[in-house]
Amino acid sequence: MQEERLKQKQSPNDKSGVLTAPLKFSASPHILAPEDVPKIMRGVVWALLPAGFASIYFFGFSALSVILISVAATLFFEYIFLRIFGNKGSIADGSALVTGILLAYNLPPGSPWWLVVVGAFIAVLLGKQVYGGLGYNIFNPALVARVFLLIAWPVQMTTWILPRPPFPKGAEAVTGATPLGVLKTEFFTKGTIGAAKAIHLSDLFYGKVGGSLGEVSALALLIGGGYLLYRKIISWHIPVAYVGTVFLMTGIFWLVNPDKYINPVFHILAGGLMLGALFMATDMVTSPVTSKGKLIFGVGCGIITVVIRLFGSYPEGVSYSILVMNAFTPLIDRYTKPKTFGAK
Amino acid sequence: MALIFKRRTFRGGVHPEEMKELAKDSPIEVLPPPRRVVLPLSQHLGAPSEPKVKVGDEVKVGDEIAGAKGFVSVPLHASISGKVVAIDKFPHPCGRRMPAIVIEGDGSDELPWGKKEKQKIDELTPEEIRKRVLAAGMVGLGGAAFPSHVKLSPPKEKPIDTIIINGAECEPYLTSDYRLMLEHPKEIVEGMLIIKKALSAEQAFIGVEENKVDAAELLAEECEKAGVDAKVVVLKVKYPQGGEKQLIKAILGREVPPPPGLPLDVGVVVHNVGTTYAIAQAVKYGKPLIERVVTVSGKAVREPKNLLVRLGTPFSELIDYCGGFSAPPVKVVMGGPMMGLPQFDLSTPVVKGTSGLLLLTEDEVTLAEEGVCIRCGRCIDVCPMNLLPTEIAAYCRNGMWDEAEALDVLACIECGSCAYNCPARIPLVHYFKTAKAEINARRKAQAKAKS
C-alpha cells in the first residue's frame, strides 16, 4: 500500500490531469538565464589561469607555493568569518577563491608564507566580511590586503625575484628591481630615464621581468581578459577607459619630453596595469553598475595611476588608483542614473 | 511591398530559449465545450462585472450574464448553454478565490451569431464600433486583459494617428497568436481596419518577430489583396518586443512617457492580434467574447497544442485533451514563462486573459534560492525601461517606498528581463510588484484623506 502510494506521488496521474505532487509557487519570471554567481566566479578563475601558469613558468615553485597558500588561507578565513558573522554567502559561491588567487597575484613571488596568510586574513576580514560579506564590500579585498601588507612589511613586499628559466641549475633566486622601480630610481637619481630605456618591450609583454607574480605577463593577462570579455563576465568599458587614459596621458608626457618620460607602451605593459585594468578594477562588487559609470571609473583609475607613477615617490600606482576609485563608486552610481524610458 | 524588415529595436531586453517548436506546428483545435464552466466576474482590469442572473436561471450561449460596472469594465457572457448553479467564490488564476458564475451545461450548443447577417464595416460609425466592442465584453487578449473599448475611446485632445497590431508574441512557448496569424490572416486584417476606423487613424502597422516570417508574409499578402495600406514590420526576436512601449519604439521610434503616460500620448494605440481577430468577429457577427485560443505547452504535457477554448473551462480539461502529463510538472503557469501567473489548482478556469497554459518540468524552471547581489549590473543592461533594478530592489527590501518611487519603480512593466538575467537569482519583479502595490495603495489613501 505504502509503496503504491509513493509511486503515484512520483508520477502524477497522466490521464485524468489530477496532480499528486504539489506545485511550486513563485513570482514571474519562471525561467532564468543559465549563468549564476558560481558560474561567473568559475569563469573568472578560468580567466586567471594563464597568468598563473606564466608566473609559475617564470618564477617556479616560489610562485606556485604563494598561490596555493593564498587560496587555502583565503578559503579557510572565509569559512571561519562566514560562521562568526553569519553573513549571507558561502564558500561554494567561488568569490573567496577568486580573492585568494588575486591576492597571490598581487604578492611578490617568494613571499614568506606568513605574509601570505596575514594577507588572506586581512583580505577576508577587513576587505569583505566586516562590511557584510559578498556584495557589500566597498573596496577590492585583495587590494586592501596588498596595501595593508605594503605598509606593514615594506621590505618583504618589495623584494622582487627576477625571472629565471623554469628548471634552474643554480640554487639561489636572484633579486632585483621591477621595470617601474628602475624607472623611478633613474628618474630620481639622474633626472633622466637612461637604464629603463634598455628594458625590452617584448620582455614586458611576455613577462620576463620582476614584479608581483600575477602581473608580469601582459600576454597571459590579455588572454584571460579576452576570455572574460567573450563570456561577457566583464564589459569593455573599464579596461578600455583605464588603459586608454594611461596611454593617452603618458603619451602626451613622452611626446613633450622623451628623455624624462618613457613611452606609453612601456607604461601599459609594465607593473600591475593589465592585471588591475582587466581583473581588479572590473570587480563587479566595487565598481559602478552602469556603462557610463564604468567609463568614468576607468578614466579616474587611469588619471590617478599616471599621477602616482610620474609624480609620486612610489613606482606603481594601480592598487591605489583602484582603491581610491572604489571609494567613489557610490557617488558615480548616483550621478550616472540612466534616463527612464520615455522621460524627458 | 508591405513587408518591411526592421532590425532597429529598443534598448535592453533578453533572449531566452524560444521553446516555440513544441506547439508552433499544431493547428488550432476546438476543445469540446465542457459540462460545467466557472466564469469569474473579474476577468479584466477595472471593476468586476455585476451579475444579471441568479441561481436557477436558464442561459443560452452568448447571453449577457453580468454587466459592465463603470467605464473601465466589460460585460460577461455565458460560454455554454445551461443553468446557473452557483454564484460564489471559486479558484481564480490570480491565486485567490474570487466571485464567479457557474453554469451547468445542458448539452445543446447552438451558436446564434453565425446565422445573423454579416455587418458591413463601411456602414458603421466609430461610435457603433465602440458600442459593439463593449457589448461583446472585449478585452486585450495578450494577457493584460484591459477593456478594449477604452482603448478605442481616446480623449478628443489626444488624436491617434497610428495603430499597431501586435503580433510579436515574444514570450517563449506561446504560439496562439502565431497560429491565428497563419490560419486567420483575413479576419485579422478586417479587425485592423475596424480598429483603424474606430480611431480615425491615418496609418496602420502590424509588428511580427522574425521567427514568424511566414505569418508576416501571409498578413502582408492579405493586406495587399484587400487593398489596405498597412505595413507589416518584421522585428528582431527579442523579449519583450511585444511590450507595447517597446513595440512603438521599435516601429515608430517614439517613446511613450513614463506612467501615467500612455501610448495615446504619442498618438498610438496597440492591439494584440488575438484581440483584433476577436474584435472582427464581434463587430461583424455580434459575437461576444466566449472563447479564446490557448497554447498548452511545456515539457510536462504529452502533446502540446493550440486550443480554441470556451471561457470558464477548467485547466484540467485542457491538459486531458492534450494527452495528460508526460512528466511530473513542478510548475503550472498561466500565460508565458516570463510574465505568467503560477497556478496550484487545476480546477481553475480559463479566463479572457489566458494566453497559455504551461506545464513545466524541473529542468525547464530554475528553482533557486535568493542569493546576494554582486552588483554585476546585468539587470540594468537588460531593463527595457532603463531603470536600476538592483537599487530599487535594495530599497524595496527595506520598505523604503519613497526611494523606490524616486527611482521610477512605477514605470516598471514587470517584463522580468532583470530577474531572468540575475545571476544571484533575486526575485526582482516580485519586489517591484510589491512596491507598486504599496505606492498605489498609499496614493489612494492620500487622495481619500484629502477629499
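The values are calculated or read from the model by the stated rules, or taken from the named source; none is laboratory data. None of these values were measured; they are calculated from a predicted model. Every residue, glycine among them, receives a Cβ derived from its backbone with ideal geometry; neighbour counts consider all protein chains shown. Side chains included, ligands, DNA and RNA excluded: accessible areas come from the protein's heavy atoms. Shrake-Rupley method; radii C 1.70, N 1.55, O 1.52, S 1.80 Å.
Data table
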{"quantity": "Normalised per residue, the volume of the convex hull around the Cα set of the protein assembly as shown (Å³)", "calculated": "209 Å³"}
{"quantity": "Hits among aspartates and glutamates - C-alpha to C-alpha of residue B:151 under 19 Å, sequence gap 8 or more where chains match", "calculated": "B:127, B:128, B:161, B:190, B:202, B:244, B:255, B:265"}
{"quantity": "Filtered trypsin sites (Lys or Arg not before Pro), region B:65-126: DSSP coil and at most 14 other beta carbons within 10 Å", "calculated": "B:96, B:115, B:116, B:118, B:120"}
{"quantity": "Three-way shape label, region B:294-431, alpha-carbon gyration tensor, a/c 1.5", "calculated": "prolate"}
{"quantity": "Candidate lysines - alpha carbon under 16 Å from residue A:39, same-chain residues fewer than 8 apart omitted", "calculated": "A:232"}
{"quantity": "Counted charge near residue B:195, where neighbours are those whose Cβ lies closer than 11 Å (Asp, Glu -1; Lys, Arg +1)", "calculated": "+3"}
{"quantity": "Debye equation applied to the C-alpha atoms of region B:1-126, log10 I(q)/I(0) at 0.13 Å⁻¹", "calculated": "-0.82"}
{"quantity": "Environment charge at residue A:122 (Cβ cut-off 11 Å; Lys +1, Arg +1, Asp -1, Glu -1)", "calculated": "+2"}
{"quantity": "Total formal charge among the other residues, if their Cβ is under 13 angstrom from that of residue A:46, Lys/Arg +1 and Asp/Glu -1", "calculated": "+3"}
{"quantity": "Share of carbon and sulfur in the accessible heavy-atom surface of chain B [1.4 Å probe, %]", "calculated": "52 percent"}
{"quantity": "Euclidean distance of C-alpha centroids, region B:349-404 and region B:108-152, integer Å", "calculated": "35 Å"}
{"quantity": "Hits among lysines - C-alpha to C-alpha of residue A:128 under 18 Å, sequence gap 8 or more where chains match", "calculated": "A:88"}
{"quantity": "Rel. contact order, % - alpha carbon contacts under 8 angstrom, at least six apart, chain B", "calculated": "20 percent"}
{"quantity": "Across B:24/B:299; B:20/B:236; B:186/B:299, pairs whose alpha-carbon gap is larger than 23 Å", "calculated": "B:186/B:299"}
{"quantity": "Rounded if a/c under 1.5, otherwise prolate or oblate - region B:19-78, Cα gyration tensor axes", "calculated": "oblate"}
{"quantity": "Where no second cysteine Cβ lies under 4.7 Å, the cysteines concerned in chain B", "calculated": "B:94, B:170, B:223, B:322, B:373, B:376, B:383, B:396, B:412, B:415, B:422"}
{"quantity": "Span-rule helices in chain A, defined as complete DSSP H runs reaching 27 Å or more along the axis (Cα) with Kyte mean at least -0.5", "calculated": "A:37-59, A:61-85, A:237-256, A:291-311"}
{"quantity": "Inter-centroid distance (Cα atoms) of region A:23-40 relative to region B:219-293, Å", "calculated": "31 Å"}
{"quantity": "Region A:221-240-region B:405-435 distance, computed between alpha-carbon centres (Å)", "calculated": "27 Å"}
{"quantity": "Solvent-accessible area per residue, Å², over region A:196-264 with all protein chains present [probe radius 1.4 Å]", "calculated": "48 Å²"}
{"quantity": "Region A:77-181 - percent relative contact order, Cα under 8 Å, separation 6 or more", "calculated": "26 percent"}
{"quantity": "Shape category assigned to region B:231-358 from the gyration tensor of Cα positions, a/c cut at 1.5", "calculated": "prolate"}
{"quantity": "Under 22 Å, Cα to Cα: Lys pairs in region A:236-344, sequence gap 8 or more or different chains", "calculated": "5"}
{"quantity": "Averaged over A:226-236, number of beta-carbon atoms from partner chains that fall within 10 Å", "calculated": "1"}
{"quantity": "Projected-area average for chain A over all orientations - Cα convex hull basis, square nanometres", "calculated": "25.7 nm²"}
{"quantity": "5 angstrom amide H check on residue B:164, placed H, neighbours 5+ away", "calculated": "B:205, B:269, B:270, B:271"}
{"quantity": "Amide proton proximity set for residue B:357, modelled H, under 5 Å, gap of 5+", "calculated": "B:295, B:296, B:297, B:335"}
